[in-house]
Amino acid sequence: MKRSKHFGLLTTAGALTLLLAACQGGNTTDSGSQESNSNENITESFTQTVVNDADAIEGGTLDVAVASDTQFVGLFSETYYTDAYDNYYMTPSHEPIFSNDDDFVITDDGVATLELDEENNTATVTLTKEPVWSDGEPVTSEDLAYPYEVIGHPDYTGIRYDSTYSNIVGMDEYHAGTADTISGLTIVDDKTIQITFKEMNPNMLQLSGGINASAMPKHVFESIPVADQEQSDAVRTNPVTFGPYYMSSIVTGESVEYLPNEYYYQGTPKLDKLVFTNVSTSSIVESLNSKTYDLVYSMPTDNYPDYSETDGYQMLGREQMAYTYIGFKLGTYDTETGENITDPNAKMSNVNLRQAMGYAVDNDAIGERFYHGLRSGASTLIPPVFQTLHDSSITGYTYDPDKANELLDEAGYVDVDDDGIREDPDGEKLTINFASMSGGETAQPLADYYIQQWEAVGLDVELTSGRLIDFQAFYDRLENDDTEIDVFQGAWNTGTAPSPAGLYGRTAAFNYTRFTSDENDELLAAIDSQASFDDDARVDAYSAWQEYMVEQAVVIPTLYRNEILPVSNRVKSYTWNYNETEDYFTMELTSETRD
């Protein structure tokens, strides 16, 4: 990728829910240091590349499982999808326009290149290869520009419009419906578009860091009103893509079949067909034992010993660009203004209360004893896979029940009626509603453990609706600011661009806590400012924001994660990287059956 100045690499990729019976709730442990060593040893033993020296057969069908306890939504568009499960299904078919190196910095090897001009605040995207849509139409600059026109449109129903798009010159007017075009978006020729920004920032150098990394077939969508696109066949049942395979048959919520894209610009892929199937987490280990699938995405890690040495499979592993967290509902999202509105009188508005709930749980012990070293206690909202930007000097919220009790006492949360449960500072009954997702063997015990630990410091916490919530319903309730949720346990995949503005900014729909402040605005702006093109300034900006969010405790990271991908021994020529589309192009099989 071309730029006007040198920019040092800042991120490094790794090799983006439990009555805790084994952890005695009232006792402190030294599991933090033990967990660190265990986690390091386990991850060092993993590889991301399949080892298979056998000769490949011609063609064959690859069977892939996506382990999930809910049906997939089926929004097969980079412009509209909202969860990781749909993204798994898009991997063989939806190719990004940019390539990237191991640090997720955009390179010149994809179908398009990126050139940033910091002096003139422009980004130029140019098609340098000849990609063709799966319906035979060539990919053009119109298709590069169209995602901006859809996401910025007043009738857009997705959730991707945020500060990265409003930063484009003329986008505010277009989004408000007062302009028919985006003045800062120019189609230069059939291969090139130019985008003019109000401000440039170094996140733009990263894949998905402010420059849209996908194309959208305008010839397919332009006849569909933007308000209707999300529910259209073009998104849900017949997506047109330019990856090595295309989705030939979709059984909504259950499975997707793929056939080779005869128009793929690199040639014909090796396999005859792919089949991706939704499989419950409770039966996925049995499916491995019976050798039903060649790959398994989203493999549960809580029961890793049950499948770690399954005959006929290699276990690939990598550090995730992800973290699990506890979030506190502090307001609502105003759909009219597109801003998060913090309520100073929200039940969880007291910072001491939030901090105390962070100190009351032992996440190091959870990671070590229930995730077998594949998860570890988290400290900040920038995971350590981004080694330069993660501030390792910040300890975050380690287990300290004495500190939790002290904070609650100071804030006036005291037990008025001597029943062992604290009332609020006004002496009124305090019941905190906690939302957590269903799924996997540890989901219920983990939720029970958190409730138990919070009760141990005198807080009455109950599950929202009295039970765990299905994945889709959980996020629907968060997005709609359900008043029955005060605290929730979620997880984020940060993606390849670590800037937190898209998750925690004033206009970010993903900011489920609805926390805003002038200081947060300033710290996020510093991360994405032109000044942060300087390496040291960028690191300082990230550290300052991480420290601030620890102090505010509106989101408390609980666990960093590693992930496992079981791969059948008959798979050849495959590497589990963070841009797998091209690996599906080269993938082969060495046997007709899984032995």
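Since every read-out is calculated from the coordinates, none of them should be taken as a lab result. Bear in mind that the values here come from a model prediction, so they are computed numbers and not experimental data. Please note: Cβ atoms are built from the backbone with ideal geometry, for glycine as well, and neighbour counts cover all protein chains shown.
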Local electrostatic count, Val275, Cβ distance below 9 Å [Lys/Arg +1, Asp/Glu -1]: -1
Structure-based [θ]222 nm, the chain - -39500 (n - 2.57) summed over DSSP H runs of at least 4, per residue, nearest 500: -7000 deg cm²/dmol
Size of electric dipole in the chain: Cβ of Lys, Arg +1 and of Asp, Glu -1, about Cα centre, debye, nearest 20: 960
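Provide, as a two-decimal number, the C-alpha radius of gyration of the range 441-595 over 2.2 N^0.38 Å, N being how many residues it has.
For the range 441-595, the normalised Cα radius of gyration is 1.40.
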Which is farthest toward the positive dipole end of the range 307-449 among Gly331, Gly377, Thr388, measuring Cα position about the Cα centre, with Cβ charges +1 (Lys, Arg) and -1 (Asp, Glu)? Thr388
Sort all Cα-Cα distances of the range 505-548 into consecutive 5 angstrom bins from zero, then give the percent of pairs in each bin up to the one containing the longest distance. 5, 24, 27, 23, 14, 7, 1
Could you name the aspartates and glutamates in cross-link range of Lys429, using Cα to Cα under 12 Å and dropping any fewer than eight places away on the same chain? Asp415, Asp417, Asp419, Asp460
Place +1 on the Cβ of every Lys and Arg and -1 on the Cβ of every Asp and Glu in the chain, take the dipole about the Cα centre, and give the residue among Ile284, Ala179, Gly209 whose Cα lies farthest towards its positive end. Ile284
Which log10 I(q)/I(0) values does the chain give at q = 0.10, 0.11 Å⁻¹ under the Debye formula, counting every alpha carbon as one identical point scatterer? -0.90, -1.10
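What percent does the relative contact order of the range 103-256 come to when contacts are Cα pairs within less than 8 Å and at least six residues apart?
Values: 228 pairs, mean separation 38.7, N = 154.
Relative contact order here is 25 percent.
In nm, what is the difference between 0.36 nm times the number of residues separating Ser249 and Ala84 and their Cα-Cα distance? The partial results should precede the final answer.
Values: separation 165, 0.36 × 165 = 59.40 nm, distance 2.02 nm.
Length difference between fully extended and current span is 57.4 nm.
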Summing +1 for each Lys or Arg and -1 for each Asp or Glu, what net charge is found among the other residues whose Cβ lies under 9 Å from the Cβ of Gly505? -1
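Pairs Lys218/Lys273; Lys129/Lys572; Lys218/Lys572; Lys198/Lys218; Lys329/Lys403: which exceed 31 Å Cα-Cα?
Working: Lys218/Lys273 27 Å; Lys129/Lys572 27 Å; Lys218/Lys572 36 Å; Lys198/Lys218 26 Å; Lys329/Lys403 23 Å.
Cα-Cα > 31 Å for Lys218/Lys572; rest within.
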Work out the charge dipole of the chain with +1 on the Cβ of Lys and Arg and -1 on the Cβ of Asp and Glu about the Cα centre, then indicate which of Tyr449, Pro498, Val461 is farthest towards its positive end. Pro498
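Net charge around Ser438, counting only other residues with Cβ within less than 12 Å of its Cβ (Lys, Arg = +1; Asp, Glu = -1)?
Values: positive: Arg467; negative: Asp69, Glu441, Asp470.
Once all neighbours under 12 Å are counted, the net charge is -2.
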Do you know the relative contact order of the range 428-496, to the nearest whole percent, from alpha carbon pairs under 8 angstrom that are 6+ apart? 48
